[in-house]
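Structure first, then comments.
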Amino acid sequence: MTIQQISGHNDSSIRYTNNDSRIVKEDAAPASADTAAVYETTSAPKKVYQRDQATIDRLLSEAEAGAKRLRDLVERMLLEQGKTLENASDIYKLLREGKVQVDEKTRLQAQKDIAEDGYWGVEQTSERLVSFAKALSGGDPSKADIMIEAVKKGFEKATKAWGGELPQICKDTIDRTISKLESWRDSADEA
């Protein structure tokens, strides 16, 4: 049972509030019978994108560790053959020109690393690149085109550092990375 049923009174212009343990009667503004409801749209709050430094740091650390493992593998193989290295370009030149004999253990490890599910495989490498791009952009899909251009520029620099055309796995990786970034950009446009 409600108070209106007891008193037979239904005055919606009276409101009771409880402030400082006192009950106060306040008169609300009377509603006009001929006033229609007005719907006012509010703009959705604009999403603020922030750079994800923790992800950037983690990915950089992982990349450095992975590159060190790869370099150590190649250096160990070259040292076993009595060769020395002066800098990274020597490694690329020796590998590019096929002047290095690869022992079975190193070959198997390299195959494992570049396999479809390997650390340096197309899928994992492209996923790391996309994660890095998203972290740099703060997750803002409107920055996808900038990230795509940055990836292309990095690929060009890697080609130059390699001293010639990069292996097919590198081309496949860049294509997969760009495809993922375009999908990310396009999914935001659809939303």
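Extending 7 Å from the Cα toward the beta-carbon at both LEU108 and LYS152 defines two label points whose distance is 4.3 nm.
For a label point 7 Å from the Cα of SER131 along Cα→C-beta, name the residues of region 48-70 whose backbone N is under 11 Å from it. Counting only backbone N, you get 55-63. Among the lysines of region 55-191, pairs at least eight places apart or on separate chains and with Cα atoms under 16 Å apart come to 17.
Mind jotting down the distance between the C-alpha centroids of region 92-143 and region 50-69, whole Å? Answer, in whole Å: 14. Estimated at 0.36 nm per residue, the fully extended path between GLU62 and ILE169 surpasses their Cα-Cα distance by 36.5 nm.
Rolling a 1.4 Å probe over the protein chains gives LEU94 an accessible area of about 40 Å². First measure r as the distance between the Cβ atoms of GLU190 and LYS99, then evaluate 1/(1 + (r/R0)^6) with R0 = 45 Å and state the FRET efficiency to the nearest 0.05. It comes out at approximately 0.35. Say R0 is 25 Å: what FRET efficiency, to the nearest 0.05, do VAL48 and GLU182 get from their beta-carbon distance? The calculated FRET efficiency here is 0.55. Of all the accessible heavy-atom surface of region 115-191, with the other protein chains kept in place and a 1.4 Å probe, what percent is carbon and sulfur? Percent of accessible area from carbon and sulfur atoms in region 115-191: 54.
Multiplying the residue separation of GLU116 and ALA161 by 0.36 nm and subtracting their alpha-carbon distance yields 13.7 nm.
The values are calculated or read from the model by the stated rules, or taken from the named source; none is laboratory data. The model shown is predicted, which means the values in this text are computed figures rather than measured ones. Please note: Cβ atoms are built from the backbone with ideal geometry, for glycine as well, and neighbour counts cover all protein chains shown. Side chains are part of the model used for accessible areas, which takes the heavy atoms of the whole protein and leaves out ligands, DNA and RNA. Shrake-Rupley method; radii C 1.70, N 1.55, O 1.52, S 1.80 Å.
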